[in-house]
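The values are calculated or read from the model by the stated rules, or taken from the named source; none is laboratory data. A quick note: this is a predicted structure, and the numbers were derived from the prediction, not measured. Don't worry about glycine lacking a Cβ; one is built from the backbone with ideal geometry, like all the others, and counts go over all protein chains shown.
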Amino acid sequence: MTQTALSLLFAPFTAVGRAALTFVAELGGFSIFLVQGLWRIVVPAPSWTKIVQQVYFIGVKSIFVIALIGLFTGMVLGLQGYYTLVKFGSEGLLGAAVALSIIRELGPVLTAIMITGRAGSSMAAEIGIMRISEQIDALSTMDINPIRFLVAPRLAAALICFPLLTALFDVVGIMGGYISGCVLLGINPGVYFDRIDATVELADVTGGFVKALVFALLVAAICCYEGYFTHTRREGFGAKGVSLATTSAVVLSCVVILVADYVLTSFLL
């Protein structure tokens, strides 16, 4: 058998092997990047000014959209939940159904996805533009650690903002369920809130915050990583590379959020 025939025969295995090696290399590089970012939050002393700026950008500017999405998510859950539970004569459990659905799953997941779309894309684009315009190289030339200057404040701000915004989403979502179930459909408000108080446990709330912290790390690290290494993309360079990095950051973050949610739910249940 000739060399060409052998190459054609083993081409599928070669492609799979190359893809596996690329994936492992990317995963290793991302892990090192994440560890360096976390380390630079505390060593040397945190840059509080930059952290506060990022908290404002990631957190404060996301309050309205998170509250709006939380309100209508709760209203939809209240509406759909009522017409499902009423078939079994259990409409009194609407409060518990809405609260548990939001606190355990929808609160952390939708909050993370909305922040990814609003702030994560901006992180990737901003750092990507700094990379292609050689501003990151200039930081290194001036002996300023780029990861400490650009990545660490964003990671720290994400760790602060995600749980707080998740809590806001939970409260507003439960009130949205109250509007649908009690104000519009006539469920007794006392029954609604009593079922929430009797059903929701501290472990449910803690589990939601654990998910929010994990999502914060993943989203901030992925968006910063994609922007930081824009110049290494093979699909395009310059403005096109930034565009691709931003798109990749948002899509990959959303996929990772859902995968991580499943994994964390498996451990937390």
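General observations
- Residue check for Ala221: in contact with a Leu (Cβ under 6 Å, 6 or more places away or on another chain), touching a residue at least 24 places away in the same chain (Cβ under 8 Å) and over 30 Å from Met75 (Cα atoms): yes
- Qualifying residue in the range 95-104 (condition: part of a helix (DSSP H, G or I), of a type in the set (D, E, K, R), under 23 Å from Ile222 (Cβ atoms) and at pLDDT 85 or above): no
- Scanning the range 128-177 for residues that are outside any helix (DSSP H, G or I), more than 17 Å from Pro44 (Cα to Cα) and of a type in the set (D, E, K, R) returns a single hit, Glu134.
- Annotation for the range 179-196: no member residue is hydrophobic (A, V, I, L, M, F, W, C), under 26 Å from the mean Cα position of the chain (by Cα), modelled with pLDDT of 90 or more and surrounded by fewer than 16 Cβ atoms within 10 Å (Cβ to Cβ).
- Pick from the range 224-269, criterion without any contact (Cβ under 8 Å) to a residue 60 or more places away in the chain and outside any helix (DSSP H, G or I), ranking: farthest from Ile147 (Cα to Cα): Leu269
- If you go through the range 178-209 and keep only what is of a type in the set (A, V, I, L, M) and part of a helix (DSSP H, G or I), you end up with Ile179, Val183, Leu184, Val191, Ile196, Ala198, Leu202, Ala203, Val205.
- The one condition in (1) within 17 Å of Ile257 (Cβ to Cβ); (2) not in a helix (DSSP H, G or I) that Pro108 fails to fulfil: (2)
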